[in-house]
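The values are calculated or read from the model by the stated rules, or taken from the named source; none is laboratory data. In this text, all values refer to a predicted model and were calculated from it rather than measured experimentally. Reconstructed Cβ throughout: ideal geometry from the backbone, glycine too, with neighbour counts over all protein chains shown. Areas reflect the complete protein model, heavy atoms only, side chains present, ligands, DNA and RNA absent. Shrake-Rupley method; radii C 1.70, N 1.55, O 1.52, S 1.80 Å.
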Amino acid sequence: MLKGKDMLSIHDLSVDEVEEILALAAELKAMQKAGVAHRILEGKTLGMIFEKSSTRTRVSFETGMYQLGGQALFLSNRDLQLGRGEPIKDTARVLSRYLDGIMIRTFGHDRAEELATWTDIPVINALTDLLHPCQVLTDLLTIREHKGKDLSKLKMVYVGDGNNMTNSFLYGAAKTGMTFVAATPEDYHPDKTVFENALRDAEETGADLSLTTDPYEAVKEADIVVTDTWASMGQEAEHEARKKIFAPYQVNGDLLKKADKRAIVMHCLPAYRGEEITEAVFEANADVIFDEAENRLHTQKAIMALTMGD
Ligand code: CP
Ligand code: NVA
């Protein structure tokens, strides 16, 4: 279903396509653990454009492509002519002639969309200021592993800054029927258009999506509590001011007393201990958090296999 398509946003995926990605990710994970070869992308090349830093995304895409029998090229904007002002539409048409797929991590979401418009190969969003779909699909796989396959029975609460992760969680929850609450300060709610789109997507699955400013009310009976940095890439200058604004939104032991006793805490990493999460809560949930990091590999392999495969 996804063959030849871009993967810029979970909103663009059908409910069945989300299921297809999660099912193949689990299958590829089992194959890799069992040492069974799965060279689905033999002879194919992925270009990886990075205009922002990365640890997990770069290593998991590059390793994933290698395990699928293909190769990946790390293309930093410090080295590409893109970084010296070559237009995206020219870069896109050139790269289309060499590559079988492109992964991009950039600032404005419109840059990823423009790249996709001008290429005839799949473009995968590896984080924009607006969305981080590969991470949220990964988180859905990780939730299934820890909390069971039927996500519609679960309540997930995001606490902190309404950012690219929160926006993608809204779309991910909408496609899987979850109950999802985002607790953020008044001026830091998720993107308004994303919320409206997600509410429409939710009509198909029955997902219950809501926004609040009260983290203590929100986390009541939560099965999953999730947070992310208070200052995303590109917001470094606001970091000190944000620490004050977001202080009441820390995921700590006191907040978690309100959640379900068996609640898990998730974090896409990198984490800033003492800010959005305490050291104690992080370490108590380290198994889940590092499963989440590992699952980037399996989920992105599924996305690449489905979009770039023959
Ligand atoms: N979670 C995530 O995307 O990590 P990186 O920024 O290290 O790629
Ligand atoms: N919201 C964070 C996610 C990092 C993986 C950022 O955009 O920096």
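Restricting the range 205-238 to residues that are within 16 Å of ligand 1 (Cβ to nearest atom) and exposed (fewer than 15 other Cβ atoms within 10 Å of the Cβ), the residue that is nearest to Lys52 (Cα to Cα) is Gly234. Among the residues that make up the range 34-55, is at least one of them assigned to a helix (DSSP H, G or I), more than 23 Å from Cys268 (Cβ to Cβ) and away from ligand 2 (no atom under 16 Å from the Cβ)? Within the range 34-55 (the criterion being assigned to a helix (DSSP H, G or I), more than 23 Å from Cys268 (Cβ to Cβ) and away from ligand 2 (no atom under 16 Å from the Cβ)), the answer is yes, since at least one residue qualifies.
Of all residues in the range 208-239, which are part of a loop (DSSP other than H, G, I, E, B), within 16 Å of ligand 2 (Cβ to nearest atom) and charged (D, E, K, R)? Across the range 208-239, the qualifying residue is only Asp228. Has the range 95-102 got any residue that is without any contact (Cβ under 8 Å) to a residue 60 or more places away in the chain, assigned to a strand (DSSP E or B) and closer than 21 Å to Lys3 by Cα? Looking for residues that are without any contact (Cβ under 8 Å) to a residue 60 or more places away in the chain, assigned to a strand (DSSP E or B) and closer than 21 Å to Lys3 by Cα, one finds at least one in the range 95-102, hence yes. The residues of the range 256-272 that are surrounded by fewer than 18 Cβ atoms within 10 Å (Cβ to Cβ) and more than 16 Å from ligand 2 (Cβ to nearest atom), listed by number, are Lys257, Lys258, Asp260, Lys261, Arg262.
Does the range 61-68 include one or more residues that are among the hydroxyl-bearing types (Ser, Thr, Tyr) and under 16 Å from the mean Cα position of the chain (by Cα)? Checked against the condition, which is being among the hydroxyl-bearing types (Ser, Thr, Tyr) and under 16 Å from the mean Cα position of the chain (by Cα), the range 61-68 yields no hits at all.
Residues in the range 56-82 that are in contact with a helix residue (DSSP H, G or I) (Cβ under 6 Å, 6 or more places away or on another chain), open to solvent by less than 20 Å² (accessible area, probe 1.4 Å) and within 16 Å of ligand 2 (Cβ to nearest atom): Ser60, Phe61. Figure legend. Inter-residue proximity from the range 158-182: first residues at positive phi, second residues assigned to a helix (DSSP H, G or I), beta-carbon distance below 6 Å, spacing 6+ or different chains. Indicated pairs: Gly160/Tyr249; Gly177/Ser152; Gly177/Thr205.
Checked against the criterion of being in contact (Cβ under 8 Å) with a residue 24 or more places away in the chain, in contact with a helix residue (DSSP H, G or I) (Cβ under 9 Å, 6 or more places away or on another chain), under 24 Å from Tyr171 (Cβ atoms) and not aliphatic (A, V, I, L, M), the candidates Thr119, Thr91 yield just one match: Thr119.
Of the listed requirements (1) out of contact with any strand residue (DSSP E or B) (no Cβ under 7 Å at 6 or more places or on another chain); (2) at negative phi, His146 misses just one: (1). In summary, Gly4 fulfils each of the numbered conditions (1) on the phi > 0 side of the Ramachandran plot; (2) in contact with a strand residue (DSSP E or B) (Cβ under 7 Å, 6 or more places away or on another chain) with the single exception of condition (2). Test each condition in (1) in contact (Cβ under 8 Å) with a residue 60 or more places away in the chain; (2) within 16 Å of ligand 1 (Cβ to nearest atom); (3) surrounded by 15 or more Cβ atoms within 10 Å (Cβ to Cβ); (4) not small (Gly, Ala, Ser) for Arg242 and report the one that comes out false. The failed condition is (2).
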